[in-house]
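Since the structure comes first, as structure tokens, the remarks are kept for the end.
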Amino acid sequence: METPGLVVHGEAAPFSTALRSLVNNPLYSDVRFVVGQERQEVFAHRCLLACRCNFFQRLLGSEPGPGVPSPVVLSTVPAEAFLAVLEFLYTNSAKLHRHSVLEVLTAAVEYGLEELRELCLQFVMKVLDVELVCEALQIAVSFGLGPLQERCVAFIEAHSQETLRTRGFLELSAPALLLLLRSDKLCVDEAELVLAARSWARVGAAVLERPVAEVAAPVVLELRLALLAPAELSALEEQNRREPLIPVEQIVEAWKCHALRRGDAARGAPCRRRRGTLPREHHRFLDLPFK
């Protein structure tokens, strides 16, 4: 009776090194990609990509055409991120960098590479900082990456003022900004949040060529105007006449809080304080528990 065979393993490092040498190597390559806005040409090997990734299996088909294959255009993924994806497919490892990891993460999600996605998520959470966090939050919201979303929101809650000054904040989508404006734990006063929301809406209005108030409509209801002092509310009302941002009804509800001296009158203007809310004289008349 024949004895069962034994699986033996050679050294992994030389094998990985040999495969890494084939990344973007025209030697024996049978597929070409044109990637990114730079339209960089990248060489790859059809059989390896197809057996490692269902996305590429569907994209490339089963058989190459005759002659020199036409390039496959992938214009939305930057070349550096695409090469990192290829490195992972060839060697099951990749070198990640802070400046490009979110692009690699996006590609991993779009290509269905769950292991690479998790490695990118772990790396992002380690290097998260003020300049990176809003872009990371946007990706988390876009792709439904719950743990990353929670981590980003918690980071912004702890570093609210610095984050509001970044370009990434101005480029957030409305759903991502809503997550932040609904938080009680932002370490920033409401007056600063109103200014930040206006700046965000102005940028969006310029990009989308739409009125500021229209761009702001999905998010401004989360601004807690009743927390502002009467003088601040009057100044906001005057600015709102010059540059509409907030519905008049929302400002009226905030004035009701002041007139009636109780927070439960403001159905459209929440009175709950945030962690960074500065005290004002009228707050003693409002129901301001901190959660």
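Here are a few things to note about the model shown:
- Solvent-accessible area assigned to carbon and sulfur over the chain amounts to 56 percent, based on a 1.4 Å probe.
- MRE, 222 nm, helices only [DSSP H, n ≥ 4, -39500 (n - 2.57), over the chain, to nearest 500]: -16000 deg cm²/dmol
- The chain: angle of helix 114-127 to the longest principal axis, Cα-based, in degrees nearest 10: 50 degrees
- Size of electric dipole in the stretch 17-109: Cβ of Lys, Arg +1 and of Asp, Glu -1, about Cα centre, debye, nearest 20: 160 debye
- Taking 0.36 nm per residue of separation and subtracting the current Cα-Cα distance, fully stretching the chain between Glu11 and Glu237 would add 74.2 nm.
- Summary of packing: across the peptides 170-181, 22-33, the per-residue average of other C-beta atoms within 10 Å ranks them, highest first, as 170-181, 22-33.
- Taking the C-alpha atoms only, the angle from helix 230-242 to the longest principal axis of the chain is near 60 degrees.
- Projecting the Cα atoms of Val212, Leu260, Pro247 onto the dipole axis of the stretch 188-290, where Lys and Arg carry +1 and Asp and Glu carry -1 at the beta carbon, places Leu260 farthest toward the positive end.
- With the cut-off at under 16 Å, measuring from each backbone N in the stretch 243-260 to a point 7 Å along the Cα-to-Cβ line of Phe285 picks out 252-260.
- Scoring 75-84, 228-237 by mean Cβ neighbours within 10 Å over their residues and listing the highest first yields 75-84, 228-237.
- Shown for the stretch 188-290 is the translational diffusion coefficient from the Stokes-Einstein equation, using the Kirkwood radius over Cα pairs, a temperature of 37 °C and a viscosity of 0.692 mPa s: 237 µm²/s.
- For the chain, a crude dipole built from +1 on the beta carbon of Lys and Arg and -1 on the beta carbon of Asp and Glu, taken about the Cα centre, is about 760 debye to the nearest 20.
- Pairwise centroid distance, computed over Cα atoms, of the stretch 143-212 with the stretch 1-62, Å: 41 Å
- Dipole magnitude for the stretch 188-290: about 300 debye, using +1 per Lys or Arg Cβ and -1 per Asp or Glu Cβ, origin at the Cα centre.
- Only lysine pairs 8 or more places apart or on separate chains count here, and in the chain those with Cα atoms under 30 Å apart total 6.
The values are calculated or read from the model by the stated rules, or taken from the named source; none is laboratory data. This is a predicted model, so every value here is computed, not measured. All Cβ positions, glycine included, derive from the backbone under ideal geometry; neighbour counts span all protein chains shown. We work out accessible area using only protein heavy atoms, side chains counted, and drop any ligands, DNA or RNA first. Shrake-Rupley method; radii C 1.70, N 1.55, O 1.52, S 1.80 Å.
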